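Engineer: The structure's right below; bear with me while I get my questions together.
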Amino acid sequence: MRIAEMHWRQVEAQALKDDRAVLPIGSTEQHAWLSLCVDAILADKMANDSALPLNVPVFPTINYGLTPNFVAYPGTVTLRLSTLCAVVTDVLDGMRRAGFRRIVIVNGHGGNSPAHGAVLEWLDRNPGSQVKWHNWWNAPRTWAKVQAIDPVASHASWMENFPWTRLEGVKLPSVQKPMMDHQHFMQLDTAAKKAFLGDGNYGGLYQRSDEDMLALWAVAVEETRELIASGWSQ
């Protein structure tokens, strides 16, 4: 169930019978030839595909994150770390006030990971709450599936190219891009990062078959659903 499709009395009743809820977090940033909103699209779809069969409500996705490396690419929007931490913990405050005590954050963007520290601080201030921070794309079984399909996988490569993140009419390169030197990349200023990285793919093929991608998605959904369903402290 999506919070966007519920009224407040339904939310109140739901929290009284089941205090689990899901919060997706994404980003708006360059993804080479894919949508700028890849991370938000994938976090939202992963959260809903995983939670809806469990009748666990999914809150609206936070569509902006921490992505200072890509600000030279038009369309990329980054929050300050302090802003992201404040937004995430403010949303958690609202979810707790509504009665939700077991919350899964489905994170779709690696750059958001520093905000996990703010979540841990939030837990200290809110005894009785539980929060699982879930980077869905590199969870153990999902990452193993990525590696089994093609170990050369990275940001804006095939592993983020699903039917729902592609853009109509955009033809992708057919080559396998060499993996970039990440250590060197991180030393550069933002303009130099763009010049060094080029189209935005960190390395790897730009696209694989839908069969591969749907198989990967199925593993990720199953892994995320299990995390939502079980493993909570009593």
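Engineer: Condition check: open to solvent by less than 40 Å² (accessible area, probe 1.4 Å) and closer than 25 Å to ASN55 by Cα. Does THR224 satisfy that?
Structural biologist: Values: open to solvent by less than 40 Å² (accessible area, probe 1.4 Å): yes; closer than 25 Å to ASN55 by Cα: yes.
For THR224, the condition - open to solvent by less than 40 Å² (accessible area, probe 1.4 Å) and closer than 25 Å to ASN55 by Cα - is met.
Engineer: Look through ALA195, ALA215 and report the one residue that is outside any strand (DSSP E or B) and open to solvent by less than 70 Å² (accessible area, probe 1.4 Å).
Structural biologist: On the way: ALA195 fails: open to solvent by less than 70 Å² (accessible area, probe 1.4 Å).
Exactly one of ALA195, ALA215 is outside any strand (DSSP E or B) and open to solvent by less than 70 Å² (accessible area, probe 1.4 Å), namely ALA215.
Engineer: When you scan the range 178-187, how many residues do you find that are open to solvent by 40 Å² or more (accessible area, probe 1.4 Å) and under 16 Å from THR67 (Cβ atoms)? If you could, list the steps in order and put the result at the bottom.
Structural biologist: Of the range 178-187, the ones open to solvent by 40 Å² or more (accessible area, probe 1.4 Å) are 178-179, 181-184, 186-187.
With the extra rule that they be under 16 Å from THR67 (Cβ atoms), the set shrinks to 182, 186.
Going through the range 178-187 one residue at a time, the tally reaches 2.
Engineer: Follow-up. Take the residues in the range 122-143 that are touching a strand residue (DSSP E or B) at 6+ places or on another chain (Cβ under 8 Å) and part of a helix (DSSP H, G or I); name whichever of them is nearest to ALA218 (Cα to Cα).
Structural biologist: First, the residues of the range 122-143 that are touching a strand residue (DSSP E or B) at 6+ places or on another chain (Cβ under 8 Å): 122-123, 129-136.
Still in the running and part of a helix (DSSP H, G or I): 122-123, 136.
Numbers: TRP122: 32, LEU123: 31, TRP136: 12 Å.
This residue is TRP136.
Engineer: With respect to LEU42, is the statement that it is in contact (Cβ under 8 Å) with a residue 12 or more places away in the chain, open to solvent by less than 30 Å² (accessible area, probe 1.4 Å) and within 13 Å of the chain's Cα centre (by Cα) true?
Structural biologist: Working: in contact (Cβ under 8 Å) with a residue 12 or more places away in the chain: yes; open to solvent by less than 30 Å² (accessible area, probe 1.4 Å): yes; within 13 Å of the chain's Cα centre (by Cα): yes.
The answer is yes for LEU42.
Engineer: Being out of contact with any Lys or Arg (no Cβ under 7 Å at 6 or more places or on another chain) and either open to solvent by 40 Å² or more (accessible area, probe 1.4 Å) or at pLDDT below 95 (or both) is the filter here, so list the residues in the range 54-74 that pass it.
Structural biologist: ASN55, PRO60, ASN63, TYR64, PRO68, VAL71, PRO74
Engineer: For GLY128, only one of the following conditions fails: (1) open to solvent by less than 60 Å² (accessible area, probe 1.4 Å); (2) in contact with a Lys or Arg (Cβ under 8 Å, 6 or more places away or on another chain); (3) not aliphatic (A, V, I, L, M). What is its number?
Structural biologist: Of (1) open to solvent by less than 60 Å² (accessible area, probe 1.4 Å); (2) in contact with a Lys or Arg (Cβ under 8 Å, 6 or more places away or on another chain); (3) not aliphatic (A, V, I, L, M), only one is false for GLY128: (1).
Engineer: Filter the range 79-105 down to the residues that are over 15 Å from VAL22 (Cα atoms) and of a type outside the set (S, T, N, Q), then identify the one that is least open to solvent (accessible area, probe 1.4 Å).
Structural biologist: From the range 79-105, those over 15 Å from VAL22 (Cα atoms) are 79-87; that's our starting set.
Next, from what is left, pick out any that are of a type outside the set (S, T, N, Q): 79-81, 84-87.
Details: LEU79: 41, ARG80: 178, LEU81: 75, LEU84: 2, CYS85: 26, ALA86: 44, VAL87: 52 Å².
Looking at the filtered set, the residue picked out is LEU84.
Engineer: Please count how many residues of the range 198-212 are open to solvent by 60 Å² or more (accessible area, probe 1.4 Å) and touching a Phe, Trp or Tyr at 6+ places or on another chain (Cβ under 6 Å). So that I can check it myself, show each step before the final result.
Structural biologist: Of the residues in the range 198-212, the ones open to solvent by 60 Å² or more (accessible area, probe 1.4 Å) are 207-208, 210-211.
In the following step, the residues that additionally are touching a Phe, Trp or Tyr at 6+ places or on another chain (Cβ under 6 Å) were identified as 207-208.
Within the range 198-212, residues that are open to solvent by 60 Å² or more (accessible area, probe 1.4 Å) and touching a Phe, Trp or Tyr at 6+ places or on another chain (Cβ under 6 Å) number 2.
Engineer: Another question about this same structure. In the set VAL119, VAL146, which member is out of contact with any helix residue (DSSP H, G or I) (no Cβ under 6 Å at 6 or more places or on another chain), in a helix (DSSP H, G or I) and open to solvent by less than 20 Å² (accessible area, probe 1.4 Å)?
Structural biologist: VAL119
Engineer: Could we say that ASP49 is in contact with a helix residue (DSSP H, G or I) (Cβ under 8 Å, 6 or more places away or on another chain), under 18 Å from ASN138 (Cα atoms), open to solvent by 10 Å² or more (accessible area, probe 1.4 Å) and assigned to a helix (DSSP H, G or I) here?
Structural biologist: Values: in contact with a helix residue (DSSP H, G or I) (Cβ under 8 Å, 6 or more places away or on another chain): yes; under 18 Å from ASN138 (Cα atoms): yes; open to solvent by 10 Å² or more (accessible area, probe 1.4 Å): yes; assigned to a helix (DSSP H, G or I): yes.
Answer is yes for this residue.
Engineer: Then there's this: If you go through the range 13-28 one residue at a time, do you hit one that is of a type in the set (S, T, N, Q), outside any helix (DSSP H, G or I), in contact with a Phe, Trp or Tyr (Cβ under 9 Å, 6 or more places away or on another chain) and open to solvent by 20 Å² or more (accessible area, probe 1.4 Å)?
Structural biologist: At the first step, the residues of the range 13-28 found to be of a type in the set (S, T, N, Q) are 14, 27-28.
Then drop every residue that is not outside any helix (DSSP H, G or I), which leaves 27-28.
Narrowing further to those that are in contact with a Phe, Trp or Tyr (Cβ under 9 Å, 6 or more places away or on another chain): 27-28.
From what is left, the residues that are open to solvent by 20 Å² or more (accessible area, probe 1.4 Å) are none.
Checked against the condition, which is being of a type in the set (S, T, N, Q), outside any helix (DSSP H, G or I), in contact with a Phe, Trp or Tyr (Cβ under 9 Å, 6 or more places away or on another chain) and open to solvent by 20 Å² or more (accessible area, probe 1.4 Å), the range 13-28 yields no hits at all.
The values are calculated or read from the model by the stated rules, or taken from the named source; none is laboratory data. Because the structure is a prediction, the values reported are computed rather than measured. All Cβ positions, even for glycine, are placed from backbone atoms using ideal geometry, and neighbour counts span all protein chains on display. Side chains are part of the model used for accessible areas, which takes the heavy atoms of the whole protein and leaves out ligands, DNA and RNA. Shrake-Rupley method; radii C 1.70, N 1.55, O 1.52, S 1.80 Å.
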